[in-house]
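K.L.:
Got a structure for you, questions after.
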Amino acid sequence: MKDSIRIATVSNIPIELHISFWIPMVIVFLYSLLTDRMWIFAYVALLFLIVLIHEFSHSFVAKGYGVKIAKITLLPIGGIASMDQIPTDPRKEFHIAIAGPGINIVMATASYLILMLIPGGTENLFDISSYNSLVISNFIDFLQVFFRINLILGLFNLLVPAIPMDGGRVFRSLLAIRMGMDRATGFATGLAKIISIAMFFIGFLSGNIFLILISFFVYVGASQEGQAVILSGLLKNIKVKDIMSTDVISVKPQDTLSQFSDTIIENKHMGYPVINSNKVVGIITFSDLSKVPREQWDGVSLENVMSRNLITAGPETLVHDALILMISHKIGRLLVIEEGKLTGIVSKTDIIRMLDIMKLLK
Ligand code: ZN
């Protein structure tokens, strides 16, 4: 199911609004309209424009390092730039992470300098607790609000050292330069979990729902970050040819699904390449079979249900990259092709089994 809607594409990066974002925005809009305080909606819109600029700043630096940005998603608690891969070079991670809060600090400084030139511009500027600090009714208000949002966003993201927040990435990358990625990640994710639990209690006691949501986001993110690094550490330098199965059992496009079910029972694999006169024309899996009602199995041939979109790897592909390919295409196996010929098959199960063995022997 699609859980976010694309609203625009800027410099090849799609911008999407998550569904959890729509209802609060509609409520804010209607509330502003009905109470005749459109500045509330303007405030929220400005907040998310600034969040968007923050995410673009990360994205541009990442793109400079050759990282592909799949999309930027806006959620009620902030934005996320989905990157194909966070660089394992800590210096690059540092630059990408600091670019977000960095642009906020730059924008806060610029608006502060302009406000200093305007009579009364800096009056009550740092009073962020009162209702008046949110109201936008003229240009000075606008600049003041712009300053406050940028300052808070920049400092909050930079100074909380909880990965996957920016401050946590900065912290991890600085540690990693000294002690290597694995140990740095161990420290950083441990600290992030402690901070997220503290955030939860502070949020709970002060009734701050945003802090509670962010605490969950940080806790889950820190756990995933830890696992991803352990995984890529274990898989380092292992190639597809080291673990692929080479005795590939194939099926023919004109076989019926009944024949195919016999093949599955006999060989106990879940997926098979479909081969026609020495050429791979598709791939068929147990889940393709299970989508067709059993009484039709005799009359349906494999070419009608097989997948023709072949995702392949080479024998020299790193297992880590093969796994990412499978996860991003939501598939369970890759065909291994060398010079146009099928030489093997590698499945997620093969990789998980190998990881289990390696963890045991570590
Ligand atoms: Zn950021």
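K.L.:
Can you pull out every residue in segment 333-355 that is loosely packed, with under 14 Cβ neighbours inside 10 Å and either among the aliphatic types (A, V, I, L, M) or within 25 Å of the chain's Cα centre (by Cα) (or both)?
P.N.:
Scanning segment 333-355 gives 349, 352.
K.L.:
Could you check segment 289-315 and list, in sequence order, the residues that are closer than 9 Å to residue 257 by Cβ and either of a type in the set (Asp, Glu) or part of a loop (DSSP other than H, G, I, E, B) (or both)?
P.N.:
Result: 292, 297, 298, 299, 300.
Matching residues to (1) in contact (Cβ under 8 Å) with a residue 12 or more places away in the chain; (2) among the hydroxyl-bearing types (Ser, Thr, Tyr):
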| residue | (1), (2) |
| --- | --- |
| 297 | yes, no |
| 307 | yes, yes |
| 318 | yes, no |
| 322 | yes, no |
| 328 | no, yes |
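K.L.:
For segment 102-130, give me the residue count where each residue is of a type in the set (Gly, Ala, Ser) and in contact with a Gly (Cβ under 8 Å, 6 or more places away or on another chain).
P.N.:
Within segment 102-130, the subset of a type in the set (Gly, Ala, Ser) is 102, 108, 110-111, 120-121, 129-130.
With the extra rule that they be in contact with a Gly (Cβ under 8 Å, 6 or more places away or on another chain), the set shrinks to 102, 108.
Within segment 102-130, residues that are of a type in the set (Gly, Ala, Ser) and in contact with a Gly (Cβ under 8 Å, 6 or more places away or on another chain) number 2.
K.L.:
Continuing with this model, one more query. Among all residue pairs at least 6 apart or on different chains, which show Cβ distances below 7 Å where the first residue, located in segment 224-250, is farther than 30 Å from residue 279 by Cβ and the second is surrounded by 15 or more Cβ atoms within 10 Å (Cβ to Cβ) and of a type outside the set (Val, Ile, Thr)?
P.N.:
So the pair list comes out as 225/164; 229/181; 232/320; 234/355; 235/320.
K.L.:
Anything in segment 18-55 that is more than 20 Å from residue 144 (Cβ to Cβ), touching a helix residue (DSSP H, G or I) at 6+ places or on another chain (Cβ under 8 Å) and either in contact (Cβ under 8 Å) with a residue 24 or more places away in the chain or within 16 Å of the ligand (Cβ to nearest atom) (or both)? List them, or say none. It would help to see each step written out before you state the result.
P.N.:
Step one: filter segment 18-55 for residues more than 20 Å from residue 144 (Cβ to Cβ), giving 18-31, 33-36, 52, 55.
Restricting the remaining residues to those that are touching a helix residue (DSSP H, G or I) at 6+ places or on another chain (Cβ under 8 Å) gives 25, 28-29, 31, 33, 55.
Correct list: 55 only.
K.L.:
Let me ask you something else. Only one residue in 111, 137 is more than 16 Å from the ligand (Cβ to nearest atom) and under 15 Å from residue 53 (Cβ atoms), so which one is that? Reasoning before the result, please.
P.N.:
Working: 137 fails: under 15 Å from residue 53 (Cβ atoms).
The match here is 111.
K.L.:
Related question: Checking residue 93 against (1) within 22 Å of residue 47 (Cβ to Cβ); (2) touching a residue at least 60 places away in the same chain (Cβ under 8 Å), which single condition isn't satisfied?
P.N.:
Result: residue 93 passes all but (1).
K.L.:
How many of the residues making up segment 114-130 are closer than 19 Å to residue 149 by Cα and assigned to a helix (DSSP H, G or I)?
P.N.:
Restricting attention to segment 114-130, the residues satisfying the condition of being closer than 19 Å to residue 149 by Cα are 114-116, 121-130.
Those still in the list that are assigned to a helix (DSSP H, G or I) too: 114-116.
The qualifying residues number 3.
K.L.:
Something else now. Would you confirm, using the coordinates I've provided, whether residue 148 is of a type in the set (Lys, Arg) and within 30 Å of residue 224 (Cβ to Cβ)? Steps first, please.
P.N.:
Values: of a type in the set (Lys, Arg): yes; within 30 Å of residue 224 (Cβ to Cβ): no.
So residue 148 does not fit the description; no.
K.L.:
Look through 238, 209, 230 and report the one residue that is of a type in the set (A, V, I, L, M, F, W, C), farther than 30 Å from residue 359 by Cβ and at pLDDT below 90.
P.N.:
Details: 238 fails: farther than 30 Å from residue 359 by Cβ; 230 fails: farther than 30 Å from residue 359 by Cβ.
Going through 238, 209, 230 in turn, just one is of a type in the set (A, V, I, L, M, F, W, C), farther than 30 Å from residue 359 by Cβ and at pLDDT below 90: 209.
K.L.:
Do any residues in segment 70-81 that are farther than 17 Å from residue 12 by Cβ have Cβ atoms under 8 Å from those of residues that are more than 13 Å from the ligand (Cβ to nearest atom) and of a type in the set (A, V, I, L, M), where the two are at least six apart or on different chains, and which pairs are they?
P.N.:
74/15; 74/17; 76/213; 77/213
K.L.:
Additional query: For segment 157-180, which positions are within 20 Å of the chain's Cα centre (by Cα), part of a helix (DSSP H, G or I) and either within 13 Å of the ligand (Cβ to nearest atom) or surrounded by fewer than 20 Cβ atoms within 10 Å (Cβ to Cβ) (or both)?
P.N.:
Residues satisfying the conditions are 157, 158, 166, 167, 168, 169, 170.
Here's the yes/no breakdown for (1) of a type outside the set (A, V, I, L, M); (2) touching a strand residue (DSSP E or B) at 6+ places or on another chain (Cβ under 8 Å):
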site: 301; (1), (2): yes, yes
site: 304; (1), (2): yes, no
site: 313; (1), (2): no, yes
site: 336; (1), (2): no, yes
site: 344; (1), (2): yes, yes
site: 347; (1), (2): yes, yes
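K.L.:
Exactly one of these conditions fails for residue 191: (1) closer than 17 Å to residue 93 by Cβ; (2) part of a loop (DSSP other than H, G, I, E, B). Give me its number.
P.N.:
(2)
K.L.:
Additional query: Limited to segment 67-104, what total is found for residues that are among the charged types (D, E, K, R) and either within 13 Å of the ligand (Cβ to nearest atom) or at pLDDT 95 or above (or both)?
P.N.:
Start the filter on segment 67-104 by keeping residues that are among the charged types (D, E, K, R), which leaves 68, 71, 84, 89, 91-93.
Next, only the ones that are either within 13 Å of the ligand (Cβ to nearest atom) or at pLDDT 95 or above (or both) stay: 93.
Selection size over segment 67-104: 1.
The values are calculated or read from the model by the stated rules, or taken from the named source; none is laboratory data. Keep in mind that this is a model prediction, so the values were computed, not measured. A quick note on method: Cβ atoms are made from the backbone with ideal geometry, for glycine too, and the neighbour counts reach across all protein chains shown.
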